[in-house]
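**Student:** Right, I'll just put the structure down here and ask away after.
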Amino acid sequence: MRALVRDRIALLRLLGVIGWWRVVGLAVVEVVVTLLPAATAAAVGVLVARVATIAAEEGDVASAAVPLAVVGVLLVLDLVVQNLLTPLRDLVALEVNGKIRRKTRLAVLAFPGIAHLDDQGVRAAAALPVYDQYLFNMGAAAEGQLWLMARFVGAAGSAALIAAYSLPLALFALAALLTQRAMLRRQYARVVSPGTAQVGNSAREAEYWRALAVTPAGGKEIRLFGFGAFVVEAFTEPHAEVSRLRERLYAKALPRQWITFLLSAFGVGVPLVVLTRAALAGDLSTARLATTLGAVIALTSIGAMGFEAFSIEAAVPQLAALRELETLSADSTESQRGPKPPVSADSDVPTIRFEGVSFRYPGGERDVLTNLNLEIKPGESVAIVGENGVGKTTLLKLLAGFYVPTSGRVVVDGVDLRDRDMASWRRRLAVIFQDFVHFELSARDNVALADLDQPGVSADARVAADAAGATGLIEGLPAGWDSMLSRDYENGSELSGGQWQRIALARALYAARVGARVLVLDEPTANLDVHAETALFDQLLEHARGLTAIVVSHRFSTVRRAQRIVVLGDGGVIEDGDHQTLLAQDGVYARLYRLQADKFAMPDEEAGAEVAE
């Protein structure tokens, strides 16, 4: 019972997003709607009494006009308010669902790293609260809980009319119908709440295939490989599974309801028999009979499981998932509390050390890095190379604090990164990963994401774009810097892979202009041709002069220009030196370098250095 009350209160609190004065207004409207049947029953009783008096005494027929008009007004009012209430409830549900999405995203983003995103439990907890199928969502449950409470008020009003004749009869009818409803709720709760996650999983699968079919990126390969029929089937089957799951849920609940239906018939039938016998015996006037019978009919509505009941039961696991996510987020955030030395805005370029760092991804079977030791001095330009899978990008993720080493530590200016204020540290980093995001924002915002509000944003963005070779392409867009970089928007523009890469590089260079002291580039020129790459990398190093520049690349035209080259292998650093030194060592770097040159049959060392893998 305690959990039941807790969940119902939690649902009502969600309504605060629309403003409590609006909640009160909605509650008043709903209460009026639920009381209208009782008010109509009372008005019908008055009308019947007036008609009986006129018939018996041959009175003025016009005297029935007022009660008749009242009944008519109440019926019209009920129709009007019911029609207004439906869209109003839908709007409230939409606003609440928007709040739930925001709370869920904030909880996910509150984690200091991204290891939780590899946890299927966390991902499921993050997905369930934002499940938004018809009626089976938290917004519908929140406004449904308010509507259910209003229905109880309406039931109390109907019971009061019956109590005017007989209080025991009113209490009996109300108790029987409320008991029947409670039993019915438990029956549906046993199947609806556990089945919500199953329905949500199928619905998310269907949404994936729907999105794939209607986006240009998915549309190209679907048509190229000719598997459109497969996509349609893959989209249709989960939708059909949602229907089958719901059918099974309801099928499990329906056979158990015969007891509740008998109880409902008993709760309604006894008052009807008692009232009818009293009228036949002359103990109840025709007018009072009309009123009480109308009240009994109105009272039966509280025993019905309206759509809001299904929404509420479906929301129970969604509430639990949201609580779990917020608890995990709070625990993670709490671990970051306490005094932590910040990296101040005017600090020098830091010294970075990886001390005995080993790391294994959550759920992984082997360490990606093993006892790795590496020091990066302030202002160095360092290239990190190695064969695929040796942990180059992983090293950068550890540097950014996205993951915590399994053992060992990452040290910044003598302080363990885990003891640093992470937000302050990340402001000192300008990082572009090879899987950078194509943000559906204006060109200006895409470049200036590191600080959209600083006073010189446009000037600094232009300088960064110049250094990345992106100014020409931006100014050539239909709306220049204000152009939306997505075809999903009117007058929006889509860029090529190489153009997006220049935007991403400009983003990192802008971050360096507004405070970052470590420039980290993961495959920064993979989508550019060799000549453009060579010129651009020289410009990047010039722009990053005085900063620490860390570059991961397979292209030796990029790698050989770094002051220092670090080769990873077997989980750690296996070679470290400049280009000429490593060639002279004739080790892994020299082998990879010559392999790349031989692959393209280039005649000399300089040519080989300018070949893309």
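Every number here is computed from the coordinates shown, using simple stated rules; none is lab data. A quick note: this is a predicted structure, and the numbers were derived from the prediction, not measured. Backbone-built Cβ (ideal geometry, glycine too); neighbour counts: all protein chains shown.
**Student:** What angle, in degrees between 0 and 90 and rounded to the nearest 10, separates the Cα long axis of helix 530-543 from the longest principal axis of the Cα atoms of the chain?
**Tutor:** Tilt of helix 530-543: around 90 degrees.
**Student:** With each run of n ≥ 4 DSSP H residues scored as -39500 (n - 2.57), what mean residue ellipticity at 222 nm is computed for the chain after dividing by its residue count and rounding to the nearest 500 deg cm²/dmol? Let's see the in-between values first.
**Tutor:** On the way: 22 runs with 375 residues, N = 613.
Rounded to the nearest 500, the figure is -20500 deg cm²/dmol.
**Student:** Evaluate the Kirkwood expression for the hydrodynamic radius of segment 339-455, namely the inverse of the mean inverse distance over all pairs of different C-alpha atoms, and round to one decimal in Å. Please report the intermediate quantities before stating the final value.
**Tutor:** Values: mean 1/r = 0.0628 Å⁻¹.
Computed over Cα pairs of segment 339-455, the Kirkwood hydrodynamic radius comes out at 15.9 Å.
**Student:** Moving to a separate point now. Output ³J(HN,Hα) for segment 517-524: one whole-Hz value per residue in order, computed from phi by the Karplus curve 6.51 cos²θ - 1.76 cosθ + 1.60 with θ = phi - 60°, and x for Gly and Pro.
**Tutor:** Whole-Hz 3J(HN,Hα) from phi for segment 517-524: 10, 10, 9, 10, 10, 9, 6, x.
**Student:** Residues with amide H under 5 Å of Thr351's amide H, sequence separation 5 or more or different chain, H placed in the peptide plane at 1.01 Å from N; which?
**Tutor:** Amide H to amide H, under 5 Å and 5 or more residues apart or across chains, Thr351 pairs with Asp413.
**Student:** In degrees from 0 to 90, rounded to the nearest 10, what is the angle of the helix 307-334 Cα long axis to the longest principal axis of the chain?
**Tutor:** 30 degrees
**Student:** Search the structure for amide H atoms under 5 Å from the amide H of Ser493, placed 1.01 Å from N in the peptide plane, and list their residues when 5 or more places away or on another chain.
**Tutor:** Here Met484, Leu485, Ser486 satisfy the definition.
**Student:** Compute the angle between helix 258-280 and the longest alpha-carbon principal axis of the chain, please, reported from 0 to 90 degrees and rounded to the nearest 10.
**Tutor:** Its long axis makes an angle of about 30 degrees.
**Student:** Find the centroid of the Cα atoms in segment 368-434 and in segment 160-175, then give the distance between the two in whole Å.
**Tutor:** About 74 Å separates the Cα centre of segment 368-434 from the one of segment 160-175.
**Student:** Hey, another quick one. Give the percent of DSSP beta bridges with both residues in the chain that are antiparallel, rounded to the nearest 5.
**Tutor:** On the way: 18 of 35 bridges.
Within the chain, antiparallel bridges account for around 50 percent of the total.
**Student:** Note down the nm distance, to one decimal, between modelled labels 7 Å out along Cα→Cβ at Phe307 and at Arg105.
**Tutor:** 2.7 nm
**Student:** Using a Cα distance threshold of under 25 Å, what count of lysine pairs results for the chain when pairs must be 8 or more residues apart or interchain? Display every interim value, and only then the final one.
**Tutor:** Details: Lys340/Lys377; Lys340/Lys397; Lys377/Lys392; Lys377/Lys397; Lys392/Lys599.
For the chain, qualifying lysine pairs total 5.
**Student:** Mind ranking 366-379, 465-478 by how tightly packed they are, going by the mean number of other C-beta atoms within 10 angstrom, highest first?
**Tutor:** Numbers: 366-379: 17.0, 465-478: 18.8.
In decreasing order of mean packing, 366-379, 465-478 become 465-478, 366-379.
**Student:** Using modelled amide H (1.01 Å from N, peptide plane; none on Pro or chain starts), what sits under 5 Å from the amide H of Ser381, excluding residues fewer than 5 places away?
**Tutor:** Amide H neighbours of Ser381, under 5 Å, 5+ apart: Ala549, Gln563, Arg564.
**Student:** Which whole-Hz couplings ³J(HN,Hα) result when phi for each residue of segment 34-42 is put into the Karplus expression 6.51 cos²θ - 1.76 cosθ + 1.60, θ = phi - 60°, listed in order with x for Gly and Pro?
**Tutor:** 6, 8, 4, x, 5, 5, 5, 4, 5
**Student:** Give the shape of segment 10-331 as rounded, prolate or oblate, defined through the alpha-carbon gyration tensor: a ≥ b ≥ c are the square roots of its eigenvalues, a/c under 1.5 means rounded, and otherwise the shape is prolate if a/b is larger than b/c and oblate if not. Can you show the working numbers first?
**Tutor:** Values: a/c = 2.48, a/b = 2.37, b/c = 1.05.
Prolate shape, in that a/c is at least 1.5 and a/b is the bigger ratio.
**Student:** Could you derive backbone 3J(HN,Hα) for segment 457-474 from the dihedral phi with the Karplus parameters 6.51, -1.76 and 1.60 (θ = phi - 60°), listing whole Hz in sequence and x where the residue is Gly or Pro?
**Tutor:** 4, 5, 5, 5, 5, 5, 4, 5, 5, 4, 5, 8, x, 10, 4, x, 5, 5
**Student:** Taking the dipole about the Cα centre of the chain, with the C-beta of Lys and Arg at +1 and of Asp and Glu at -1, give me whichever of Asn83, Val573, Val390 is farthest to the positive side.
**Tutor:** The Cα lying farthest towards the positive end belongs to Asn83.
**Student:** Select one label from (1) 35.0, 124; (2) 37.3, 124; (3) 27.4, 91: the one whose number is Rg and Dmax of the Cα atoms in Å as derived from the coordinates shown.
**Tutor:** The listed entry that was calculated here is (1).
**Student:** Relative contact order, percent, of segment 10-331 when contacts are C-alpha pairs under 8 Å separated by at least 6 residues?
**Tutor:** On the way: 367 pairs, mean separation 103.8, N = 322.
Contact order relative to length: 32 percent.
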